[in-house]
Amino acid sequence: MRTLEQLVCPHILNMEAYSSARSEFKGKASIFLDANENTIRTTYNRYPDPLQANLKQAIEPLVQLNQEQIFLGNGSDEAIDLLMRIFCIGGQDAILTLPPTYGMYNVSASLNAIKNIEIPLDANYQPNVAAVLAAQNERTKILFICSPNNPTGNDVDLEKIEQLIEGFDGIVVVDEAYIHFSTQASCVQWIGKYPNLVVLQTFSKAWGMAGIRLGMALANAEIIQLFNKVKPPYNVNVLTQEYALGQLQDLRIFKEDVANILVEREELITQLSALKFVIKIYPSAANFLLIKVEAANQIYQYLVEQGIIIRNRSRVLLCDNCLRITVGTKQENAVLMQRLKAYSKTILV
Ligand SMILES: *Cc1c(COP(=O)(O)O)cnc(C)c1O
């Protein structure tokens, strides 16, 4: 297996990181005349803490890691992009992805001129471990696994994830954007065990903070140091850090929200399964449902006309005639169901 040093792009390994005004100094000080800020203002006039120490302190107990193992970014999309730039040389290296899956891996690869080698999931939306491992070569640097997977909603078997982490000679990224809705354990438990593992989580889904753009990469300290070296110095702004810190003071709302969303998800499954045009509702460990229907495009268009937007995934590999529906509020789901029932009456059987 290649060492971290062998996997990192040589130019990243050898570059000098930007040294921000405040990170050069260590100790106590009361007058800061080092960063050309407007010193007359007293709120938001200062640059944010580049390493977000206070916020990370609040996150430590949630993920049972220390802050040297946590990277915070402008959404986990930033972490996806930084991973590509740390490990993959444009025009030369490749990533492995397991479609159907989250679209940003491919977008970010394209943007960085990195080849995306796709090894489709099987009919149960599980990885074909042997095929994935057989596809690796000296150019494949990162394997992306999404669990629970978007858009299919299912957990990837933990056993398969571990086989991939053990067998892949490169960085394995497990994107756990929806982990809080799942009953399956997080792969964060393996960070001490596997130096090639990176787990992505986000505050955009269960935490209800998509608007502040905050996501994280969790990994061994050596990998996090690389993130810190490559990231823009002030990638998480003061407003985001403050708001997130406030929200983490009391976890009751978060837990209540997750519980409520899970109740609504089950209710939605019951209701949708009574519709005659619904062929299949895929098992979900997330806050959305993937359903197979008759004539997905027509249903999608009909809902758009009703002012209801869902995600049409019918052109995606292995998702023929599939629609992805986010679990809404009780009221939103009721309106959705009322419209779908009305639609159901218009079609002939
Ligand atoms: C929504 C989502 C993300 C979140 O990205 P952010 O940039 O943190 O908002 C990441 N991965 C997957 C699979 C997602 O569905």
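Evaluated against (1) open to solvent by less than 40 Å² (accessible area, probe 1.4 Å); (2) within 16 Å of the ligand (Cβ to nearest atom); (3) not in a strand (DSSP E or B), Ile223 falls short on exactly one condition, (2).
Please state which one of Tyr47, Tyr102 is open to solvent by 40 Å² or more (accessible area, probe 1.4 Å), among the aromatic types (Phe, Trp, Tyr) and within 30 Å of Val132 (Cβ to Cβ).
Details: Tyr47 fails: within 30 Å of Val132 (Cβ to Cβ).
Exactly one of Tyr47, Tyr102 is open to solvent by 40 Å² or more (accessible area, probe 1.4 Å), among the aromatic types (Phe, Trp, Tyr) and within 30 Å of Val132 (Cβ to Cβ), namely Tyr102.
Within the range 105-124, restricting attention to residues that are farther than 18 Å from Arg324 by Cβ, outside any loop (DSSP other than H, G, I, E, B) and open to solvent by less than 40 Å² (accessible area, probe 1.4 Å), the residue that is farthest from the ligand (Cβ to nearest atom) is Ile117.
When you look at Leu245, is it open to solvent by 40 Å² or more (accessible area, probe 1.4 Å), touching a residue at least 12 places away in the same chain (Cβ under 8 Å) and touching a Pro at 6+ places or on another chain (Cβ under 9 Å), yes or no? Quick ask: steps written out before the conclusion?
Details: open to solvent by 40 Å² or more (accessible area, probe 1.4 Å): yes; touching a residue at least 12 places away in the same chain (Cβ under 8 Å): yes; touching a Pro at 6+ places or on another chain (Cβ under 9 Å): no.
Considered against the rule, which asks whether it is open to solvent by 40 Å² or more (accessible area, probe 1.4 Å), touching a residue at least 12 places away in the same chain (Cβ under 8 Å) and touching a Pro at 6+ places or on another chain (Cβ under 9 Å), Leu245 comes out as no.
All of (1) assigned by TED's automatic domain parsing to the domain that holds Pro151; (2) surrounded by fewer than 16 Cβ atoms within 10 Å (Cβ to Cβ) hold for Lys28 with one exception: (1).
Close contacts from the range 262-290, counting a first residue that is free of Cβ contacts under 8 Å to residues at least 12 places away in the same chain and a second that is open to solvent by 20 Å² or more (accessible area, probe 1.4 Å) and among the charged types (D, E, K, R), with Cβ to Cβ under 9 Å and a gap of 6+ residues or different chains, come to Val263/Lys330; Ala274/Lys341.
In the range 248-288, which residue that is charged (D, E, K, R) and open to solvent by 70 Å² or more (accessible area, probe 1.4 Å) is nearest to Lys330 (Cα to Cα)? Lay out the reasoning, then the answer.
First pass over the range 248-288, keeping only residues charged (D, E, K, R): 250, 252, 255-257, 264-267, 276, 280.
Checking which are open to solvent by 70 Å² or more (accessible area, probe 1.4 Å) leaves us with 252, 255-256, 266-267, 276, 280.
Details: Arg252: 20, Lys255: 17, Glu256: 14, Glu266: 11, Glu267: 9, Lys276: 22, Lys280: 22 Å.
Going through the qualifying residues, I end up with Glu267.
As a summary of the residue check, Gly91 satisfies the conditions (1) on the phi < 0 side of the Ramachandran plot; (2) open to solvent by 10 Å² or more (accessible area, probe 1.4 Å) except for the one numbered (1).
Suppose we filter the range 1-42 for residues that are among the hydrophobic types (A, V, I, L, M, F, W, C) and free of Cβ contacts under 8 Å to residues at least 12 places away in the same chain; how many remain? Matching residues across the range 1-42 total 6.
In the range 79-93, the residues that are closer than 13 Å to Val198 by Cα reach residues that are within 14 Å of the ligand (Cβ to nearest atom) and assigned to a helix (DSSP H, G or I) with C-beta atoms within less than 6 angstrom, at least six apart or across chains, in these pairs: Ile80/Met104; Ile80/Ser108; Met84/Ser108.
Return the residues of the range 148-173 that are of a type in the set (Gly, Ala, Ser) and within 16 Å of the ligand (Cβ to nearest atom); say none if nothing qualifies.
Filtering the range 148-173 for residues of a type in the set (Gly, Ala, Ser) gives 153, 167, 170.
Hit for the range 148-173 is Gly153, nothing else.
Here Ala206, Ala185 are screened, and the one residue that is open to solvent by 10 Å² or more (accessible area, probe 1.4 Å), in a loop (DSSP other than H, G, I, E, B), more than 16 Å from Tyr125 (Cα to Cα) and more than 10 Å from the ligand (Cβ to nearest atom) is Ala185.
The values are calculated or read from the model by the stated rules, or taken from the named source; none is laboratory data. Note that this is a predicted model, so its numbers are computed, not measured. Every residue, glycine as well, gets a Cβ built from its backbone with ideal geometry; the counts of neighbours run over all protein chains shown. SASA here: full protein model, heavy atoms, side chains in, ligands and nucleic acids out. Shrake-Rupley method; radii C 1.70, N 1.55, O 1.52, S 1.80 Å.
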